[in-house]
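Notes follow once the structure below has been shown.
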Amino acid sequence: MRAAIEFFGDFFYLLLDTLRAIGPALSSGRGRLLAWRNLWIQMNRIGVESIPIVSLVMFCIGAILAIQIAPEFAKFGMVPVTADVVALATFREMGPLVSAVVMTGFGGAAIAAEIGTMVVGEEIEAMEAMAIDPVRFLVVPRVVAGMLMMVCLTVVGDLAAMFGGLVASVLLLHLGSLQYTQHALAILKVGDFITGLAKAAVFGVLITAIACFLGLKVRGGAEGVGLNTSKTVVFTIVALILVDLIFTSVFFYLGV
Amino acid sequence: MPEPLIQLQGISKYFGDRMIYHDLHLDIFPGETLVILGGSGSGKSTLLRVLMGHLKIDAGHVLIRGRSLNDMDRRELDSWRKSVGVLFQTGALFNSMTLRENLALPVREHTDLDDQTIDLMAQIYLQLVGLREHIDKLPAELSGGMKKRGGLARALMMQPRILFYDEPTAGLDPISTAQIGELIMNLKNKMGATSVLVTHDMQSAFQLADRLALLFDGKFAAIGSVEYFRTTADPLVRQFVDGRLDGPFINPSDQCSYKAELLGRKLHEVPHGKKTT
């Protein structure tokens, strides 16, 4: 129990430390240029490189959703409503969640392994010895990049899923593409889009912060790196689902 | 006698039940080269981490120019760290950066110098350690000794007046060892740098030290000049310096009864001083 409290305490302390360091990292002093460069590199690594895989996965998810749902609606002669369900499920739920899971495997694990290896190689200690704050230098660029790129990835994922649903509807359900698009656009409200993106931003912070935290906590050589990398994936996915549940409940309560 | 630059006052440190230091005292004076000796696992390298403020101590004080590390805020601690160059055991170069970027990083972070000047400095310091032709290589492309020399060049980039070396010559060939030794001597003679060297290479220790301190069982068993360490009859010092097998200096792994463990008995069941054959 004490270990769990310590774990969460340490994690929230890192989050606070990151928040405190964001301003100085990106705006002040000579290290600014380096920080922006770092941020750019991380955005590329965490986000841009995940685009193909997120697109592929979300395309399939959209198609699966359409194929699974259509037979039920067909019983009532309402096949076009499939587009409504695909759109709502994607924008409110599947888009941010599935993109986040992909990013966990792609970016989160890589971050934990990278920072863990730096711990093992005395690099973090060397950084502190040079009065360079590892939170400002390593954690901030990753967390900010995670937040921004998760939002972008979710937009890409949403569109890919809608396209997947469209392809499945046209090929298998004999729904017209115009009909599908019209239904989807009619049901979607700006709120659906915004809530999905708000979730995505929080997911991005969660994925990268947990990865950095567990990376910095690596002890005991290569084995420790492996252990904390797999812990990162498991903990992050559990955390994503829990936070998603909280979000969905709050949005439900607020009627958003 | 000048005022000590660094004072260790009654330092105790435990890792769980394991005692690392107990009531440790030491003064380090400006301009001197102090060599800390001790067996493997005696806490020599840990002492450098304590001096840098990386590791909290359980009791006592580390005073830097009279100010306790415990009382320092972030800014003060950073300014202390900036004034010290540290050479880590493995060099601790950043693996994702080339040597050039590694050397430039601390200067870029802490000064307003332009990139051209920083690059020039990097080349000068790499030339000093004989690595200039490898400036654009990643650490993974360098040998262990080269990484160490690269780490030393990086430690020098901020032109520190205080240098901590953690096993600077371990694992190096004789020529590199001599090269690093000469570099350390030059830094001391030309810049008046204060150096704390952790090593168990007695040849380098005698060559470089003004004073030596032997860490044993959580305390300094002996602190003295090179002359003292060469001539004293203290059995502990003699055993360590001469590399004898028999004497009071016990390898930690020898402290538990090897036979008792092999026979599957608990240690306290073994009668004290009685052979268990």
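Brief remarks on what is shown
- Of residues in region A:24-43 being away from chain B (no Cβ under 14 Å) and either exposed (fewer than 11 other Cβ atoms within 10 Å of the Cβ) or under 30 Å from residue A:167 (Cβ atoms) (or both), the one modelled with the highest pLDDT: A:43
- Total residues in region B:81-124, condition crowded, with 17+ Cβ neighbours inside 10 Å and either closer than 15 Å to residue A:125 by Cα or of a type in the set (Ser, Thr, Tyr) (or both): 17
- Extreme residue, surrounded by the fewest Cβ atoms within 10 Å (Cβ to Cβ), among residues of region A:114-172 that are away from chain B (no Cβ under 14 Å) and polar (S, T, N, Q): A:169
- Any hit, region A:167-186, residues being under 23 Å from the mean Cα position of the chain (by Cα) and at pLDDT 90 or above: no
- Scanning region B:216-232 for residues that are part of a helix (DSSP H, G or I) and under 19 Å from residue B:48 (Cα atoms) turns up nothing.
- Members of region B:78-110 that are more than 26 Å from residue B:133 (Cβ to Cβ) and more than 8 Å from every other protein chain (Cβ to nearest Cβ): B:80, B:83
- Hits in region B:31-52 - residues which are surrounded by fewer than 21 Cβ atoms within 10 Å (Cβ to Cβ) and on the phi > 0 side of the Ramachandran plot: B:31, B:41
- Checked across region B:89-100, the condition of being in a strand (DSSP E or B), of a type outside the set (A, V, I, L, M) and at pLDDT 90 or above holds for no residue.
- The set of residues in region B:195-226 being among the charged types (D, E, K, R) and modelled with pLDDT under 90 consists of B:201, B:217, B:219.
- The conditions of being within 14 Å of chain A (Cβ to nearest Cβ), buried (at least 17 other Cβ atoms within 10 Å of the Cβ) and modelled with pLDDT of 90 or more are not met by residue B:63.
- Hey, residue A:79 part of a loop (DSSP other than H, G, I, E, B) and either away from every other protein chain (no Cβ under 12 Å) or buried (at least 19 other Cβ atoms within 10 Å of the Cβ) (or both) or not: yes
- Of the residues contained in region B:181-200, one or more are found to be closer than 30 Å to residue B:153 by Cβ, in a helix (DSSP H, G or I) and of a type in the set (Asp, Glu).
- Summed over region B:43-60, residues that are over 15 Å from residue B:165 (Cα atoms) and within 9 Å of the chain's Cα centre (by Cα) total 0.
- Any hit, region B:76-85, residues being acidic (Asp, Glu) and farther than 18 Å from residue B:48 by Cβ: yes
The values are calculated or read from the model by the stated rules, or taken from the named source; none is laboratory data. This is a predicted model, so every value here is computed, not measured. For neighbour counting, all protein chains shown are included, and Cβ atoms are generated from backbone atoms with ideal geometry for every residue, glycine included.
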